[in-house]
């Protein structure tokens, strides 16, 4: 399983490589990467609404590198508190902020300084500074209070964690009773080899830490969620170099996934 890293895995090297990769995306979103980026990809591959994206600054959109569309999973209502637990440059976060409005709150957490910088810039450009708060942190130790969030959104990042059990426990902790998780992430259809899972480079490519699809509901249930389901699939790696990094029979895909904390 990719719930945790194999024994002896260099977790610090993984974190450094992930930060290096996404710092590079922040500084040069048009660079040569193994994954798609940008608003056209979001619209054409992931069914984002072009009109909604027109209200989001290019500063955020150009650096978008998600694998699904959490905004299709459920409703984000006015007045809610929403957390994007690895917000990057903020495209999903700002879409959520526009939905919660001035009576709500949108919190973005990210460990990469470059991404946080652009998220703050985009927030100011969008005129949403009174609604949005950007924090430094990692999703295994969220700088967010217990039982304080209505919705957690997540896009393409849980696969990068060396301890997914802790990630889901943290999401569960910060959600209010009845709170919901709208998660998009990478899954595979069979377990990777130990060699592949032992490579920080393959993990940083969003593949080494991808969970087998059939295991995701059980991991979420173990964290305490009483309702969870996969609701949509996306061919998010089509025509990317990630397709050739591992065997074709892995069937690497993006998914939308819903989970709810008991009332």
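Would you kindly identify the strands (runs of 3 or more DSSP E) lying entirely within the range 69-169 that contain at least 1 residues that are surrounded by fewer than 16 Cβ atoms within 10 Å (Cβ to Cβ)? Full working, then the answer.
On the way: elements: 81-84, 105-110, 132-136, 149-155.
Fully inside the range 69-169 and qualifying: 132-136.
So residue 3 fits all but one of (1) surrounded by fewer than 20 Cβ atoms within 10 Å (Cβ to Cβ); (2) modelled with pLDDT of 95 or more; (3) touching a helix residue (DSSP H, G or I) at 6+ places or on another chain (Cβ under 7 Å); what number is the exception?
(2)
A quick yes/no check of all residues on (1) within 20 Å of residue 217 (Cβ to Cβ); (2) within 12 Å of the chain's Cα centre (by Cα):
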{"residue": "145", "(1), (2)": "no, no"}
{"residue": "149", "(1), (2)": "no, no"}
{"residue": "155", "(1), (2)": "yes, yes"}
{"residue": "158", "(1), (2)": "yes, yes"}
{"residue": "161", "(1), (2)": "yes, yes"}
{"residue": "170", "(1), (2)": "yes, no"}
{"residue": "173", "(1), (2)": "yes, no"}
{"residue": "176", "(1), (2)": "no, no"}
{"residue": "180", "(1), (2)": "yes, no"}
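Hey, among the residues in the range 182-217 that are assigned to a loop (DSSP other than H, G, I, E, B) and within 16 Å of residue 256 (Cα to Cα), which one's modelled with the highest pLDDT?
We begin by selecting, within the range 182-217, every residue assigned to a loop (DSSP other than H, G, I, E, B); these are 189-193, 198-199, 205-210.
Subsequent filtering for residues that are within 16 Å of residue 256 (Cα to Cα) retains 189, 206, 210.
On the way: 189: 83, 206: 71, 210: 86.
The extreme case among them is 210.
Inspect the range 218-228 for any residue being under 16 Å from the mean Cα position of the chain (by Cα), modelled with pLDDT of 90 or more and outside any loop (DSSP other than H, G, I, E, B) and give the result as yes or no. Show your work before the answer.
Going through the range 218-228, the residues under 16 Å from the mean Cα position of the chain (by Cα) turn out to be 220.
Filter again for modelled with pLDDT of 90 or more, leaving 220.
Narrowing the set further to residues that are outside any loop (DSSP other than H, G, I, E, B) leaves 220.
Yes, the range 218-228 has at least one match.
The values are calculated or read from the model by the stated rules, or taken from the named source; none is laboratory data. These numbers come from a predicted model, not from an experiment. As a convention, Cβ positions derive from the backbone with ideal geometry for all residues, glycine included, and neighbour counts pool all protein chains shown.
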